[in-house]
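Engineer: Submitted below is the structure of interest, expressed as structure tokens.
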Ligand SMILES: C[S@@+](CC[C@H](N)C(=O)[O-])C[C@H]1O[C@@H](n2cnc3c(N)ncnc32)[C@H](O)[C@@H]1O
């Protein structure tokens, strides 16, 4: 492990395992659409790399979408990979889902060649995103597909006016989060700022962009318990990571929303929903015919 894993602004990914797995699980309907879309643009997939897999929800889904394929889940979080391994075993996929510990963009030498690389919300945690895409592209066979899931719309889980606090809470949290994200990126080792035009970044990494699609997760109110659990955990995480930015009113509102005993809280109110949109950008490694 390199030094930057001990930096104070560093995210403790292993500690986020339960939340990432829960998030992945509630997003399965969206991830399935994305996997189906990728299947339609790739043929004869025998090996798949999930780069920055976290707890492996999509790794397992890709193994089911491509039943001939071996999937390699790569992450720098050892406990996240253990989680991915347990998940695969629980689904009878232990033979086809492997895990590989690596600090991206390095550590991929023994992983390739693969027919498909999937990477969701991981490249933006790497300082030089074009270099990261290029490293992922090098794992591809000619004509292989790289799909990065980056961007989309901010998630929504409550109406604008929730009857407590000042209306527009989520929009204000989004604005605070945008600044925090900029600071997070600036603090990354080797940070390079780029116009976040993903097809252009994929082209800069030597690939041919082949399409961008946004997938929707639309779980209307009343939300089932797993969705409430996720929303409550997401909210608790926001409250923590934006602690020094949120004003006192909004902090109090978040406290009430997170309180399982408060009738206005996420656990008990009837209007909780989950609406999210995630964008996937696909690009192909030039093949013999191009
Ligand atoms: C926001 S999570 C996304 C997880 C999963 N792909 C998803 O979409 O839910 C980012 C993931 O990237 C991993 N990650 C961050 N920096 C990394 C690095 N330098 N090398 C490998 N993995 C890294 C984290 O451990 C974490 O699992």
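Engineer: Given the conditions (1) within 12 Å of the ligand (Cβ to nearest atom); (2) touching a helix residue (DSSP H, G or I) at 6+ places or on another chain (Cβ under 7 Å), report the number of the one that residue 157 does not fulfil.
Structural biologist: The single condition residue 157 does not satisfy is (1).
Engineer: Then there is this: Exactly one condition in (1) touching a helix residue (DSSP H, G or I) at 6+ places or on another chain (Cβ under 6 Å); (2) part of a helix (DSSP H, G or I); (3) within 23 Å of residue 143 (Cβ to Cβ) is false for residue 38; which is it?
Structural biologist: For residue 38, the failing item is (1).
Engineer: Which of the strands (runs of 3 or more DSSP E) found entirely inside segment 61-178 contain at least 3 residues meeting this: crowded, with 22+ Cβ neighbours inside 10 Å?
Structural biologist: Because the criterion is at least 3 residues that are crowded, with 22+ Cβ neighbours inside 10 Å, the strands (runs of 3 or more DSSP E) in segment 61-178 that meet it are 70-75, 114-120, 140-156.
Engineer: Separate question: Please go through segment 109-135 and give me each residue that is farther than 21 Å from residue 40 by Cα and more than 10 Å from the ligand (Cβ to nearest atom), ordered by number.
Structural biologist: 109, 110, 111, 112, 128, 129, 130, 131, 133, 134, 135
Engineer: Output the residues belonging to segment 197-211 that are under 18 Å from the mean Cα position of the chain (by Cα) and surrounded by fewer than 15 Cβ atoms within 10 Å (Cβ to Cβ).
Structural biologist: 197
Engineer: If you check every pair at least six apart or on different chains, which have Cβ atoms under 9 Å apart with a residue in segment 103-114 that is farther than 12 Å from residue 51 by Cα and without any contact (Cβ under 8 Å) to a residue 60 or more places away in the chain first and a residue that is within 12 Å of the ligand (Cβ to nearest atom) and outside any loop (DSSP other than H, G, I, E, B) second?
Structural biologist: These pairs meet every condition: 110/100.
A short reminder: the numbers here are calculations on the coordinates, not readings from a lab. Everything numeric here is computed off the predicted structure, so don't read it as measured data. A quick note on method: Cβ atoms are made from the backbone with ideal geometry, for glycine too, and the neighbour counts reach across all protein chains shown.
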